[in-house]
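Take a look at the structure below.
The values are calculated or read from the model by the stated rules, or taken from the named source; none is laboratory data. None of the values given here were measured: they were computed from a predicted structure. Note: areas computed on protein heavy atoms with side chains; ligands, DNA, RNA excluded. Shrake-Rupley method; radii C 1.70, N 1.55, O 1.52, S 1.80 Å.
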Amino acid sequence: MIKKIYILLLLLVFQLNLAQENCESKIYSIKFYVVEKTTRHNIGGLFIEILSGNESIGFASGDFEGYAKTIVCAEKIKNDTITLKVFGMGSVQKTVAHKITSDTSY
């Protein structure tokens with residue numbers, strides 16, 4: 001339990017540092033709603049790490065209803081591709097790659 005609290009605090013500090021960065025180009029606002037694949041129930045208390053080119057570029061933490069949001073500087077996205085590592089309470093880690101095709105891609 002103590003280890004989980006330390007990890008949570010570390011991730012919170014990482015998120016606060018990310019919010020203080022300057023961005024000279026576009027900033028993408030990313031919103032998430034995470035559900036379990038077979039039951040379609042929301043996954044609460046989730047953490048999402050956003051990667052591009054094997055480098056961490058963002059982080060989002062969700063509420064207990066499965067919603068999360070964050071911002072990412074467009075300069076950090078390499079090859080218009082992001083990878084999401086999703087960690088939810090009581091579920092296994094899921095990794096999803098997404099190609100950005102426009103400012104409003106889903």
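The figures follow:
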{"read-out": "Solvent-accessible area of residue 80 with every protein chain in place, 1.4 Å probe, in Å² to the nearest 10", "value": "90"}
{"read-out": "For residue 98, solvent-accessible area (1.4 Å; no DNA, RNA or ligand), Å²", "value": "50"}
{"read-out": "Largest-first ordering by accessible area, 1.4 Å probe, given options 81, 39, 101, 70", "value": "101, 39, 81, 70"}
{"read-out": "Nearest-10 value in Å² for the accessible area of residue 76, using the 1.4 Å probe", "value": "50"}
{"read-out": "By accessible area with a 1.4 Å probe, ligands and nucleic acids excluded, highest first: order of 46, 51", "value": "51, 46"}
